[in-house]
1. Looking at the range 103-131 only, could you name the residues that are hydroxyl-bearing (Ser, Thr, Tyr) and in a loop (DSSP other than H, G, I, E, B)?
2. Go through the residues of the range 94-102 one by one and say whether even a single one is within 24 Å of ALA57 (Cα to Cα), assigned to a loop (DSSP other than H, G, I, E, B) and modelled with pLDDT of 95 or more.
3. Being surrounded by 15 or more Cβ atoms within 10 Å (Cβ to Cβ) and either assigned to a helix (DSSP H, G or I) or modelled with pLDDT under 95 (or both) is the requirement here; does ILE48 meet it?
4. From ILE117, ILE125, grab the single residue that is modelled with pLDDT of 95 or more, within 19 Å of LYS79 (Cα to Cα), β-branched (Val, Ile, Thr) and buried (at least 17 other Cβ atoms within 10 Å of the Cβ).
Amino acid sequence: MNPPVWNEYLNSDEAKNFYKNAKLLGINKNDKKRGKMSKGIKDSKGKIRWSLLPFDAMESVVRILNFGATTKYKPENWKKVPNKAPYVDAIVRHWKKYFVDKEEFDEESKESHLASIICNCLFLIYDREHKSNIRFEEYLKKLMTYEDYVKDLDEHKFD
């Protein structure tokens, strides 16, 4: 039997709100044991939801990375390229091939030009995140100012 003060609380708005919130959390007010829940909960507020990433669509991007790492360069060679301007150019080239020239697949890799665009965008995202201490305007200026990177890349492709 509940004491009178407890009965007053059980009928209060505060208790009703508590039970309403508890129900959302899966707690049943009729459970005899304190803290017993009808279902478990996991607090994921503020955490990245990797499950939103369409992994099936990412497979072609990974194949591009594999192609570059095994046939043209070494694994993670792109991290060692000091100026990432070639990746901006590659994005534009693949964009043009896909949307302007109406060419779906890259002749060399046999993968979608869209996968190559995403791959090159990932390189730029990675680079920017590792250079976040540089003001954005300065970062862009350095990104788009470069010498003949093609000659430099060809000479040091397999370093």
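1. The answer is SER109, and nothing else.
2. Yes, the range 94-102 contains a residue that is within 24 Å of ALA57 (Cα to Cα), assigned to a loop (DSSP other than H, G, I, E, B) and modelled with pLDDT of 95 or more.
3. Spelling it out, it is not the case that ILE48 is surrounded by 15 or more Cβ atoms within 10 Å (Cβ to Cβ) and either assigned to a helix (DSSP H, G or I) or modelled with pLDDT under 95 (or both).
4. On the way: ILE125 fails: buried (at least 17 other Cβ atoms within 10 Å of the Cβ).
Within the list ILE117, ILE125, the selection yields ILE117.
The values are calculated or read from the model by the stated rules, or taken from the named source; none is laboratory data. These numbers come from a predicted model, not from an experiment. Every residue, glycine as well, gets a Cβ built from its backbone with ideal geometry; the counts of neighbours run over all protein chains shown.
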